[in-house]
Structures are given as structure tokens and as C-alpha cells.
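Structure first, then comments.
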Amino acid sequence: MHIKHFLCFDFKKLFLVLVLVEFFNFSANANPGDTTWVTVFNLKKLSHYGNYDTTAVFPVNKRFRKIRMHYILGRYSCAPGSQYCGSWDYTTQIYARPKLKDSVEIARIITPYASDWLSQNKKHDYIVEVTDYASDLKDTCAMRFNYSGYSWGFTITLKIEFIEGIPPMDALSVTKIYDGYFPYGNAANSIENYLVSKTFSYAATTGKAFIKNTVSGHGSDSLGCGEFCSKYYQLKINNNLVSQKQLWRSDCGLNQVYPQTGTWIYERANWCPGAVVWPLYHDLTGITTANSNFSVNVDMEPYTIPNPSGGFNWVSQLIKYAAPNHVTDVSIEDIVNPTKDDNYLRNNPACSNPTIKIKNVGTNTLTSVVFNYGLKGQAPLSFTWTGALKFLDTVAVVFPPSTAILSGSLSSVFQVSVTSVNGAAGDQNLFNNVYSSSTIPVQFYPKDFVIKMFTNNSTDPITNANESTWTLYDQNGSIIANRNNLSNATVYIDTITNLPPGCYKFSINDSGCDGLAWWANPSAGNGALRFDYINANNTIFGSPTDIGCNYTMFFIVQATPAPPVDTTKYTGLTKNHANQNRITIFPNPARQLAYIQFDLDQHQTVNYKLSDVNGKMILQKNKLKVLAAYETIDISGLNEGVYVLSVELEDHSIITKKLVIQK
């Protein structure tokens with residue numbers, strides 16, 4: 001596959017313009033499947049709220065099977081003494097602004113709480129398909145990145161990936177219906193004054209028309225509207241109700257960008273911190289007719305309140321496509337696992353049941369698809385999916401347990417391809433029938449170990465038990481062991497022995513979706529969970545605690561077991577590494593108070609000290625005979641910044657943790 005790169009256009013650089021024009025002319029004869037990359041912004045520092053404008057040069061005179069935007073968010077270090085460098089959850093909107101056409105939002109992404117990203121050198125690549133805007137993303141096009149934040153520290157890199165080939169339908173045009181932030185709950189200025197009825201039509205050349213709504217609620221009155229209230233909207237075509245949608249995201253505790261340093265787990269009005277605001281589509285086929293006018297109207301759920309302060313950021317567009325190009329065509333859209341893609345962080349690394357996403361991009365219903373799959377260099381396995389997938393619908397395909405292909409100790413490449421569709425070899429478009437991903441090796445564990453769990457103080461209101469449970473599954477999905485209906489603030493120890501060779505999945509679930517521990521709920525205390533070697537009290541695995549609703553971990557038991565652990569040699573760096581998970585500090589960032597949690601393997605005296613980044617000691621204290629305990633540190637008098645907590649155990653090993661103070 002050929003990969004081409006284009007740069008941002010600058011009117012002042014005439015020489016670059018001429019070079020790019022020649023480049024486009026040269027590349028006009030490229031083959032289907034080729035990919036062209038256009039960089040719109042490169043490590044742009046977000047240092048003020050509002051618009052960041054530029055102009056990009058996109059390919060012309062080509063057809064693209066798919067266009068994907070890569071929104072790569074990072075962090076930079078603010079100048080010393082900067083008042084606003086919080087890196088919190090802010091609305092960002094990306095607009096295409098083609099000449100003589102509507103300016104159209106092509107994607108909306110909410111930034112995460114990321115005040116700890118700089119110390120972790122962390123970034124995230126959000127991938128959003130923007131093929132709807134193929135008619136605008138061509139030639140010289142003005143582009144706008146709008147940042148609603150009032151604190152700085154983020155960087156944005158924006159790249160658009162053009163994959164050549166025949167699309168399911170050719171994009172014709174995008175027409176703006178509504179675009180703005182509209183007040184909600186204000187009797188004197190109703191949102192219905194903005195979501196008014198409008199009239200549209202389309203020509204006979206339009207094969208498919210959609211209404212695409214991208215909506216997110218923000219601001220909060222005394223009842224939490226619009227950010228923290230669940231409200232619906234009704235779509236009416238020609239005054240007839242055709243759809244009702246609830247504007248609510250109930251899965252923020254399963255966010256793939258986690259953990260975050262703020263209130264990332266809270267459910268919100270159609271968005272989550274650190275996530276794409278996914279649009280809602282309404283197909284107009286069958287309810288409108290070419291060359292005839294039709295009206296579009298949206299009504300929000302009735303709601304008024306004294307002193308309103310919330311609203312909805314609302315964008316509606318009429319998307320027009322030509323007639324479908326294929327009758328039988330399946331597209332492999334993505335690989336969920338195994339992959340290194342951070343957009344599937346919770347699903348990886350995995351050692352069983354590879355999972356992919358497919359989409360029907362042909363008008364015939366898909367009833368069967370035969371796949372070949374496996375690691376590069378190995379003999380592929382075969383699997384037949386059956387179902388009834390309609391045009392433009394997607395489905396996750398889960399392959400059978402496949403330990404043999406995923407049990408390597410090194411990273412590799414996972415490959416999947418389509419061999420037949422609906423009983424016939426291949427389909428009408430072979431360029432979307434192959435996909436690959438890089439894999440992450442899965443850890444090897446012994447067949448015998450101990451699971452140690454300390455529950456927090458969070459009670460499930462339905463079961464009256466602790467919110468947290470765990471389950472151990474084999475590669476066929478059968479339950480090997482589990483713990484539920486637990487008491488609060490209690491230690492549970494379970495010994496697992498003689499696990500047969502194979503792949504295993506360990507899952508922690510929390511019904512309250514605030515994990516084993518969460519900084520914003522200190523009254524619940526800190527739970528903890530780890531795997532220890534039998535009779536060794538040395539940790540194999542320590543679970544993270546700020547997990548939201550769930551944490552899943554895969555591991556492999558080898559056919560030939562590893563040699564027994566020599567606990568007399570389990571010292572120095574190895575033991576220090578194992579102890580890292582036994583001491584945590586939260587919340588992080590902290591403002592007034594911070595808490596140290598100790599989860600040690602035996603009673604012992606510890607010495608801890610807190611220092612600033614220059615090594616100046618702020619406080620020091622001895623704590624006698626600690627096993628499982630909490631220590632409170634008053635940080636109300638300390639300045640904002642990064643501090644280091646050092647804890648020395650009786651064996652003189654030292655555990656260090658970073659604490660961010662943010663006020």
C-alpha cells in the first residue's frame with residue numbers, strides 16, 4: 001500500500017503551493033487502496049479559548065472508500081506560575097469551511113481530565129470517520145478547531161486519512177440545519193426558539209438522505225441540566241413524529257480513556273470526558289421524496305426551571321449521498337482485540353476470542369461471511385459468521401477461543417480476511433476485505449496462586465452487599481471461581497490451584513462504577529486486589545483501583561510450568577517492583593487532604609516523607625506496625641505543583657509515588 005503525505009497550505013508560501021499542485025497531479029493515477037495523509041495541525045499548543053484557524057490542501061479528482069480523522073491529543077508544560085493549566089474536560093469542535101459552502105462541524109470530542117498526562121508522557125489518538133464530508137474535504141479548504149476551555153496545557157495534532165477506492169455511496173453534499181449552543185429550561189427564551197421548523201428538498205440524483213444530529217448538554221442548574229440530566233428530543237418530518245432519542249451516556253465508567261484525574265465516571269448528557277460525541281443518524285428513506293419539499297423540526301422534552309443555566313450544543317445536518325455502489329460488499333471496519341489501539345484499551349491485551357467489527361456496505365443483507373484469521377506467519381484459522389446484517393449496519397464478530405495463535409511471548413501482527421460472502425467467493429469490493437493489527441503479548445502466570453481482595457465501604461443498594469465482585473473464566477467462558485455478595489471493609493483470600501494450560505480472563509466489576517477506590521469518594525475508602533504466589537506473599541499482579549465499572553485482565557498458564565519461585569532471592573528491584581502496588585496515594589491531583597493507603601504483606605514499621613521536585617523535604621513521619629491502614633496528609637498549606645512521596649519499608653526497600661497538588 002502506498003502512503004502519501006500532504007502538508008497544511010499557507011497562502012504566503014507560493015513555492016509550497018506549486019509543489020503540492022504538482023504532487024496532486026502526479027498522484028492522480030494512484031491505485032485503489034492507497035492512503036493519502038493530510039496534516040491540518042501538528043502539535044498545536046492550545047493556549048487560549050476560541051478558534052484556531054488554518055487552511056489545508058486536500059486531494060482532488062479522486063474517490064475515497066473511507067476518510068478518517070485522527071485527533072491526537074497530547075500535553076505540554078505550561079510556563080511556571082501559569083494560573084490556568086488544568087487540562088480538564090472541554091468541548092472541542094472541528095469544522096470544515098469550504099469556499100462558498102456552509103461551514104460544517106465534522107467531529108466533536110470532549111477532552112479528558114488529563115493533568116497527569118505530562119508526567120506519563122501520554123497522548124491519545126481519537127479516530128473518527130468523516131466520509132460524510134467527502135464533498136467538502138477537497139482542494140483548498142479552510143479548517144477550524146474550536147476549543148471551549150479556559151485552561152491550557154493540551155496539544156492537538158489533526159491528521160486526515162484518505163483511503164482510495166469506491167465508497168459504499170458517493171457523498172454529495174452537507175447542508176446545515178441547526179448549529180449553536182441553545183439555552184434549556186428558560187421559559188423566557190425557550191430552546192424551541194432555535195430548533196424551529198425548516199424546509200428542505202433533494203434532487204433525484206440523491207440515493208440516500210440522512211439527518212445527522214450531534215448533541216451534548218452542558219452547564220448545570222439546580223437540577224443538573226443540561227450536563228447531568230437525561231432528556232429526549234423528538235424528530236418530526238412533515239409534522240409527523242419519526243424518532244425519539246434520549247440524550248444520555250450511561251457508560252462513562254467504561255470509558256476507554258481511563259483512569260482520569262477528574263469526575264470521568266459521571267454519566268452525562270450524551271457525552272463523557274475524554275470521548276467522542278457520537279452523532280445520531282436518522283434515515284429519511286421512505287419518509288421523503290426526491291424533488292419534493294419536506295419540513296424538519298426538532299422538539300426537546302418540555303422543561304423549565306427558575307434561574308436556568310444549562311443548554312445544549314446542537315448541530316444538525318442534512319447529509320446527501322448518491323445511490324449505493326455495491327450489491328454485495330462487507331467491510332472489515334476495525335479489530336477490537338488483539339490490538340495495541342488505545343481506543344480498545346479495556347479489551348487488550350487478550351489471548352482468546354479475537355473480535356472484529358464488520359459493516360454491510362452493500363444493499364443485499366449479509367447472511368454469512370467466511371473469515372481467515374491468525375497471527376502473521378502462522379497457518380490461518382477459519383470461521384463462518386452467520387446472521388442477518390442489513391445495509392449500513394455493523395456488528396461485532398467474535399471468533400472462537402484461539403489460545404494457540406495468541407500465546408506468544410512477543411508482539412506480533414494479527415491478520416483477518418474475508419474469503420466468501422453469502423456463499424460466494426469474495427464480494428464486489430476486495431479492498432475492504434483485509435485488516436491487520438499489532439498485538440501486545442499476554443502475561444504468563446503460574447497454575448497456582450492466591451487472590452487477595454480487600455473491599456471498600458461502598459454498598460450496592462439492591463443487593464446490600466459490597467459493590468465490587470470478581471470472576472475468573474477459562475478460555476471457553478466457563479467460570480472457574482468468583483467472589484460476590486461480599487461484606488464491606490473485609491479481606492478475602494482465595495487459593496487457585498492446578499489451572500490447566502490455557503488462556504484465562506479475570507474480571508472485576510463494580511456496580512457503582514466508581515472502582516475499588518476513587519479520589520472523589522474518600523468516605524468509601526480504598527479497596528485493593530492482587531494475585532500472590534502461594535506461600536510467598538510476593539505479588540504477581542496488582543489490580544488498578546480507579547477502574548470505573550470494570551477491569552478485565554487476561555493471562556496464560558503454560559503447559560510447561562515455570563520453575564518455583566525462590567523467595568530467598570526475591571529482593572532488591574524485583575521485590576521493590578512488587579511492592580509498588582501495595583502503597584497508593586489518593587486523590588491525585590489533591591487539593592486539601594491526601595491519603596496514603598498501605599496494603600503490606602506483614603506488619604512492619606514504615607518511614608515516609610514528602611518532598612518537592614527539588615528534593616526539599618516537606619514532612620517526615622514514622623508509622624508503627626502497619627499492615628492495612630490509611631494515613632491522612634494535610635496539604636492545604638502547600639503550593640500547586642508536583643511532589644514526591646517516598647516510603648521506606650523495614651527491608652530498606654523504597655517505594656516512590658508522585659503526588660500532584662492542584663487548587
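Here are some residues: 548, 515, 525. Which one is small (Gly, Ala, Ser), assigned by TED's automatic domain parsing to the domain that holds residue 503 and surrounded by fewer than 22 Cβ atoms within 10 Å (Cβ to Cβ)? So that I can check it myself, show each step before the final result.
Values: 548 fails: surrounded by fewer than 22 Cβ atoms within 10 Å (Cβ to Cβ); 515 fails: surrounded by fewer than 22 Cβ atoms within 10 Å (Cβ to Cβ).
The unique qualifying residue is 525.
Mind telling me which of the residues 343, 297, 313 ends up being touching a His at 6+ places or on another chain (Cβ under 9 Å), among the polar types (S, T, N, Q) and in a strand (DSSP E or B)?
Step by step, each of 343, 297, 313 is checked, and only 313 is touching a His at 6+ places or on another chain (Cβ under 9 Å), among the polar types (S, T, N, Q) and in a strand (DSSP E or B).
Yes/no matrix, rows are residues, columns are (1) farther than 22 Å from residue 504 by Cβ; (2) touching a residue at least 24 places away in the same chain (Cβ under 8 Å); (3) surrounded by fewer than 14 Cβ atoms within 10 Å (Cβ to Cβ); (4) assigned by TED's automatic domain parsing to the domain that holds residue 502:
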site: 351; (1), (2), (3), (4): no, yes, no, no
site: 361; (1), (2), (3), (4): yes, yes, no, no
site: 369; (1), (2), (3), (4): yes, yes, no, no
site: 386; (1), (2), (3), (4): yes, no, yes, no
site: 389; (1), (2), (3), (4): yes, yes, no, no
site: 392; (1), (2), (3), (4): yes, yes, no, no
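Could you tell me how many of the residues in segment 326-341 are of a type in the set (D, E, K, R) and touching a strand residue (DSSP E or B) at 6+ places or on another chain (Cβ under 6 Å)?
So the count comes out to 3.
Go through segment 450-548 and tell me which strands (runs of 3 or more DSSP E), entirely inside it, have 3 or more residues that are modelled with pLDDT under 95.
Per the criteria, 491-496, 502-510, 528-532, 539-542.
From the list 66, 123, 99, pick out the single residue that is surrounded by 18 or more Cβ atoms within 10 Å (Cβ to Cβ) and in contact (Cβ under 8 Å) with a residue 40 or more places away in the chain.
Going through 66, 123, 99 in turn, just one is surrounded by 18 or more Cβ atoms within 10 Å (Cβ to Cβ) and in contact (Cβ under 8 Å) with a residue 40 or more places away in the chain: 66.
Determine if segment 106-118 includes at least one residue that is touching a residue at least 60 places away in the same chain (Cβ under 8 Å) and part of a helix (DSSP H, G or I).
Among the residues of segment 106-118, not one is touching a residue at least 60 places away in the same chain (Cβ under 8 Å) and part of a helix (DSSP H, G or I), which makes the answer no.
Which strands (runs of 3 or more DSSP E) sit wholly inside segment 203-269 and have at least 3 residues that are at pLDDT below 95, of a type outside the set (Lys, Arg) and in contact with a helix residue (DSSP H, G or I) (Cβ under 7 Å, 6 or more places away or on another chain)? Even if it seems obvious, please write down each step before you answer.
On the way: elements: 208-218, 231-237, 240-247.
Filter on segment 203-269 gives an empty set.
Give just the number: which of (1) over 26 Å from residue 350 (Cβ atoms); (2) among the hydroxyl-bearing types (Ser, Thr, Tyr); (3) surrounded by 13 or more Cβ atoms within 10 Å (Cβ to Cβ) does residue 490 not satisfy?
(3)
Report yes if residue 135 is out of contact with any Ser or Thr (no Cβ under 7 Å at 6 or more places or on another chain) and hydroxyl-bearing (Ser, Thr, Tyr), otherwise no. Walk me through how you get there before you give the answer.
Working: out of contact with any Ser or Thr (no Cβ under 7 Å at 6 or more places or on another chain): no; hydroxyl-bearing (Ser, Thr, Tyr): yes.
Spelling it out, it is not the case that residue 135 is out of contact with any Ser or Thr (no Cβ under 7 Å at 6 or more places or on another chain) and hydroxyl-bearing (Ser, Thr, Tyr).
Quick one: in segment 481-519, of everything that is among the charged types (D, E, K, R) and closer than 16 Å to residue 452 by Cβ, which residue is nearest to the chain's Cα centre (by Cα)?
483
Which residues, counting only those in segment 176-194, are of a type in the set (A, V, I, L, M, F, W, C) and surrounded by 18 or more Cβ atoms within 10 Å (Cβ to Cβ)?
177, 182, 191 - these are the residues of segment 176-194 that are of a type in the set (A, V, I, L, M, F, W, C) and surrounded by 18 or more Cβ atoms within 10 Å (Cβ to Cβ).
So residue 166 fits all but one of (1) outside any strand (DSSP E or B); (2) under 31 Å from the mean Cα position of the chain (by Cα); (3) at pLDDT 95 or above; what number is the exception?
Every condition holds for residue 166 apart from (3).
Being over 28 Å from residue 262 (Cβ atoms), outside any strand (DSSP E or B), within 24 Å of the chain's Cα centre (by Cα) and not aromatic (Phe, Trp, Tyr) narrows it down to one residue among 132, 102; which is it?
Residue meeting the stated conditions: 132.
Within segment 615-632, does at least one residue satisfy the condition of being out of contact with any Lys or Arg (no Cβ under 6 Å at 6 or more places or on another chain), modelled with pLDDT of 65 or more and closer than 21 Å to residue 120 by Cβ?
Among the residues of segment 615-632, not one is out of contact with any Lys or Arg (no Cβ under 6 Å at 6 or more places or on another chain), modelled with pLDDT of 65 or more and closer than 21 Å to residue 120 by Cβ, which makes the answer no.
Starting from residues that are among the small types (Gly, Ala, Ser) and under 16 Å from residue 277 (Cα atoms), keep the ones in segment 204-224 and report whichever is farthest from the chain's Cα centre (by Cα).
217
Taking only segment 430-483 into account, find how many residues are of a type in the set (S, T, N, Q), surrounded by fewer than 18 Cβ atoms within 10 Å (Cβ to Cβ) and under 26 Å from residue 501 (Cα atoms).
Looking only at that region, the number is 6.
Could you say whether any residue in segment 637-655 is β-branched (Val, Ile, Thr), at pLDDT below 80, within 18 Å of residue 527 (Cβ to Cβ) and in contact with a strand residue (DSSP E or B) (Cβ under 7 Å, 6 or more places away or on another chain)?
No, because not a single residue in segment 637-655 is β-branched (Val, Ile, Thr), at pLDDT below 80, within 18 Å of residue 527 (Cβ to Cβ) and in contact with a strand residue (DSSP E or B) (Cβ under 7 Å, 6 or more places away or on another chain).
Is it fair to say residue 181 is within 30 Å of residue 233 (Cα to Cα) and under 27 Å from the mean Cα position of the chain (by Cα)?
yes
So in segment 590-614, with the set limited to residues that are crowded, with 18+ Cβ neighbours inside 10 Å and over 18 Å from residue 653 (Cα atoms), which one is modelled with the highest pLDDT?
Out of the qualifying residues, it is 594.
Only one of 420, 411, 436, 458 is within 13 Å of residue 354 (Cα to Cα) and either assigned by TED's automatic domain parsing to the domain that holds residue 510 or among the polar types (S, T, N, Q) (or both). Can you tell me which? Break it down into steps so the answer makes sense when it comes.
Details: 420 fails: within 13 Å of residue 354 (Cα to Cα); 411 fails: within 13 Å of residue 354 (Cα to Cα); 458 fails: within 13 Å of residue 354 (Cα to Cα).
The match here is 436.
The values are calculated or read from the model by the stated rules, or taken from the named source; none is laboratory data. No experiment lies behind these values; they were computed from the predicted model shown. No Cβ is skipped: glycine too gets one built from the backbone with ideal geometry, and neighbour counts run over all protein chains shown.
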